[in-house]
Amino acid sequence: MSEATPPPGPKVGSDRDPARERSLASPVLEVIGLSHRTAPIEVRERFHVGYSRLEKLLAALTGSEQISECVVLSTCNRTEYYCTVSAPQEAERKVLDMMAQQADLDVDEIRPLLYRHRDYDAVVHLFRVVSGLDSLVLGEPQIQGQVGEAYRQSSGCVPGSVGAVLHRLFQAALSTGGRVRAQTRLAHGSASFPAAAVELARKVFGSLEGRRALVVGAGEMGELTLKVLRNEGLDVALVASRRLERACDASRRVGGKAVPYANVWERLNQVDLVVACTAAPHPILTAEQVDSARPGGSPLVLLDIALPRNIAPEVGDLAEVFLYNIDDLQRVVEEAVEARAEERPAAEAIVADHADQFWHWYVARQAGPLIRLLRERAEEIQAREIDGVLRRLEGVSEEDRERIRMASRASLHKILHVPTVTLRDLASGLSGPELLDRVRRLLLDGGRD
Amino acid sequence: MVLPLHLTAVGAYLAAWVVQLRGFRVRRAGRQGVELYVMAAAAAVHLTALIVFSFDTRTIPLVGLGPASSSLALIIVVVFLLTSSGAEARPAGLFVLPCVLLLLVEAIAVGLQPVARQTAFREPWFAFHVTSIFIGYAGLLLASAAALMYLMQFRALKRKQFGSVFRFFPSLDALEGLNRVGLLIGFPALSLGLLAGWSFTLTYGRGLALGDPEVVLGIVSWLAYLTAIASRRRRRWRGRRAAFVSAGAFAVTVTAYVVLRLTLTASGFFL
């Protein structure tokens, strides 16, 4: 597992108030997980966390002292634990135990599959994930909804598992993903076979609303393609298979109508689009059949997604007939992916911008209590010293004493103004948490290690 | 003032065209239709230039090659903007804008001066005659741009070339629609314009001068249009065949114009 050097932990002194110290300690933002980059699907599926298991898992994690907040993001391409932790090493051990238990593996076995990002890197990682920059298919849009769902599920099933930090982090992440999709074309184009099929059909017909399709063969790919086409507004879908009951099942699932296979090609003049996906070892549709069924007809799109091909290549030579096979769909996908890659720098810039904004908020939030403590300590010393001086003075009226106290306090505030502003500014830098930790130790221990 | 405004309009039209060319190169339509806004701004400047011209010269900018070319360019832009507000049709600007630029450059090159003509050429119905014909030509240009794009997109889809044309050009259905709209706007306008011109000659006691190059061009264009419309109506041609006829009609019109200018006119009055 790739590791970042943990920040030095606070030194516990004998005269310390542990409750106060805990409230001042900087929580660490951490993500531990695995994805398509580090593990194959047969491994990833072992780590998958379903909703039924999520509640128990979150309760166990956030019930520990080291982890205050946790969101679990589990999709087919990744399983990641986003946590705010007070003791990074113990927390990491806890998360690893849970993951190993989930996958039914040893901790040492899973360690090489995992990655860990901390603080600013964790923020950037989540923002890249939600934008689709870390997806298997660059820019895929589903991850935005999956991140939103993970956040809602985690915050809904165990109260308190999502606190102020993760709430803000995930809101910022979703906003980042939205901006990336709105301002770049990272999610544009067809980066999957069904999407490529839709794009090809749309380039011929424009809108698919009201168009009619015929699916020959009730295979999984044909059904998936038809589902996507139906989502685009395709009106009537006819499903034909050599076994009518399979056609009936498939048509029920996609909301189409089963038709007998025997005279299926007679229906060519009733449809605008044909998806062929049978297991036939030879072409089942020839140019003569198309020509006789549609003499000089309107445009017809034929998607042959079977292997071996179901439609004779000569069909594509007919006027107003557009024939595409798997290789053609693959080329559309490749073109889209190439175009998306050109948008990567613009998307990365948006991610960096949003990560900086979040980081500024996050560190400023941590700097606040320390600055209050700094002021309290300084005011205590100032009050003690000035009271000592005033006790030794004689012939000074109470009114003048109060004036002296006020002048002393005002001087102190003026002296502290620049250091506190500087501290807040420096804290928002990348090494902010480390700086805050040093200041905390300075205030609590007088800087002793 | 007229010339600087024209030059500004040329610059803005050129900018809109460059935006479209860039979109074509990177295989996507411009974001939020920026080229349409630039074109609209250019059209506003262009219109201002023609209004200033009218005030300065006290003539309508429809007489004489320079002013008439400029007016025709403006009418083409207006027709394009009115028919292409839908995102799908925007890429047609790739073909329309060079024609607009060509007309404007021609107008500037030959000079934007008024031409001394008979009083009749200042009457409102003369303006109606010329404007109608110009709308007719604008419609024909739009239809032929859509037809050309249809043929290119058809070829890309047939040959499975998923490059710039496939990505940037609209769907065949949208291009077919734009072609139809261009013809439906242009043909009635051209017919009205020609009828008005005929009435004009009759009013002034002259017959239809079939040797007049303007009349010849009008009739050739109208017949070309009629063929395109008739092939759709009577022969029910759609898609590629309809696109071929539309593109052919435009080619015939342009060829007729060039031939007439080169062979029949020496006066410079003929548009």
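Just so it is clear, none of the values below were taken in a lab; they were calculated from the coordinates. From a predicted model like this one, the values you see are computed outputs, not experimental measurements. When we count neighbours, we look across all protein chains shown, and the Cβ atoms used for this are built from the backbone with ideal geometry, even at glycine.
Assuming a viscosity of 1.306 mPa s and a temperature of 10 °C, what translational diffusion coefficient in µm² per second does Stokes-Einstein assign to region B:143-195, Rh being the Kirkwood radius over Cα pairs?
Numbers: Rh = 11.9 Å.
The diffusion coefficient I find is 133 µm²/s.
Can you divide the C-alpha Rg of region B:35-160 by 2.2 N^0.38 Å and report the result to two decimal places?
For region B:35-160, the normalised Cα radius of gyration is 1.19.
HN-Hα J couplings of region A:58-65 from phi, Karplus 6.51/-1.76/1.60, θ = phi - 60°, integer Hz, Gly and Pro as x?
For region A:58-65, the Karplus-derived couplings read 5, 4, 5, 6, 6, x, 7, 5 Hz, x marking Gly and Pro.
In 10 Å bins starting at 0, how do the alpha-carbon pair distances of region A:336-449 split up by percent?
Per 10 Å bin, starting at zero, the Cα-Cα P(r) for region A:336-449 comes out as 12, 28, 22, 17, 11, 6, 3, 2, 0 percent.
Taking each pair of distinct Cα atoms in chain B once, what is the resulting Kirkwood hydrodynamic radius in Å?
Its Kirkwood hydrodynamic radius stands at 19.2 Å.
Roughly what would the spin-label model give for B:Leu81 and A:Glu149, points 7 Å off Cα along C-beta, in nm?
Distance between the two pseudo-spin positions: 4.6 nm.
How large is the Kirkwood hydrodynamic radius of region A:126-271, in angstrom, based on all distinct alpha carbon pairs?
It works out to 17.8 Å.
Estimate the FRET efficiency between A:Arg212 and B:Met1 by the formula 1/(1 + (r/R0)^6), using the beta-carbon distance for r and 60 Å for R0, to the nearest 0.05.
With R0 = 60 Å, the Cβ-Cβ based efficiency is 0.50.
Cα centroid distance between region A:32-63 and region A:349-390, in Å?
Measuring centre to centre over Cα atoms gives 38 Å.
Calculated FRET efficiency, A:Lys227 and A:Ala352, Cβ-Cβ r, R0 35 Å, to nearest 0.05?
0.40
Averaged over every viewing direction, what's the projected area of the C-alpha convex hull for the protein assembly as shown? Give it in nm², one decimal, please.
48.3 nm²
Please compute P(r) over all alpha-carbon pairs of region B:134-235, binned at 10 Å starting from zero, and give each bin as a whole-number percent.
The percentages, shortest bin first, are 15, 36, 25, 15, 7, 2, 0.
Calculate how steeply helix B:172-203 sits against the longest principal axis of the alpha-carbon atoms of chain B, using the helix alpha-carbon long axis, and give the answer as 0 to 90 degrees to the nearest 10.
Roughly 10 degrees between the two axes.
Please identify every one of the GluC sites (Glu not before Pro) in region A:307-405 that sits in a loop by DSSP and has no more than 10 other beta carbons within 10 Å of its own beta carbon.
Sites meeting the loop and neighbour criteria: A:Glu394.
Identify the trypsin sites (Lys or Arg not before Pro) of region A:36-66 meeting these criteria: DSSP loop state and at most 13 other C-beta atoms within 10 Å of the C-beta.
Sparse-neighbourhood loop trypsin sites (Lys or Arg not before Pro): A:Arg37.
Chymotrypsin sites (Phe, Trp or Tyr not before Pro) within region A:192-287: which are DSSP loop residues with at most 14 other Cβ atoms inside 10 Å?
none
For region A:170-256, what is the Kirkwood estimate of the hydrodynamic radius, computed as the reciprocal of the mean inverse distance between distinct Cα atoms, to one decimal in Å?
14.6 Å
Taking θ = phi - 60°, what integer Hz values does the Karplus form 6.51 cos²θ - 1.76 cosθ + 1.60 yield along region A:156-168, in sequence order, with x for Gly and Pro?
Couplings: x, 8, 10, x, x, 6, 10, x, 4, 6, 5, 4, 5 Hz.
Identify the residues of region A:313-339 with backbone N under 14 Å of a label point that sits 7 angstrom from the Cα of A:Thr286 along the Cα-to-Cβ direction, or state none.
Answer for this model: A:313-315.
Taking N as the number of residues in region A:110-190, what value does Rg over Cα atoms divided by 2.2 N^0.38 Å take?
1.16
If amide H atoms are built 1.01 Å from N in the plane of the peptide, which residues on other chains or at least 5 residues away come under 5 Å of the amide H of A:Asn325?
It is A:Asp304, by chain and number.
Give me the Debye-computed log₁₀ of I(q)/I(0) at q = 0.14 Å⁻¹ for region A:157-206, equal point scatterers on Cα only, no solvent, two decimals.
Each listed q corresponds, in turn, to -0.60.
Hey, with R₀ at 41 Å, roughly what FRET efficiency would A:Gln142 and B:Phe244 work out to, going by the Cβ-Cβ distance, to 0.05? Intermediate values should be presented prior to the final figure.
Working: r = 43 Å, r/R0 = 1.05.
Between A:Gln142 and B:Phe244 the formula returns 0.40.
Rg(Cα) of region A:264-318 divided by 2.2 N^0.38 Å?
Region A:264-318 yields a ratio of 1.04.
Give me the tail of P(r) for region B:50-119 as a percent: Cα-Cα pairs with distance above 21 Å.
Working: 795 of 2415 pairs.
Of all Cα-Cα distances in region B:50-119, 33 percent exceed 21 Å.
Rounded to the nearest 5, what % of DSSP beta bridges with both residues in the protein assembly as shown are antiparallel?
The answer is about 45 percent antiparallel.
Can you give me the C-alpha center-to-center distance between region A:224-299 and region B:43-62, rounded to a whole angstrom?
60 Å
Find how many whole Å separate the alpha carbon centroid of region A:409-431 from the alpha carbon centroid of region B:163-197.
Region B:163-197 and region A:409-431 have Cα centres spaced 68 Å from each other.
Cross-link partners among lysines for A:Lys203, C-alpha distance below 21 Å, same-chain residues fewer than 8 apart left out?
Straight-line reach from A:Lys203, under 21 Å: A:Lys227, B:Lys158, B:Lys160.
What are the principal axis extents of the Cα atoms in region A:247-405, in Å, biggest first?
120, 36, 29
Please compute P(r) over all alpha-carbon pairs of region A:64-160, binned at 5 Å starting from zero, and give each bin as a whole-number percent.
Here the calculated profile for region A:64-160 is 2, 11, 21, 23, 23, 15, 4, 0.
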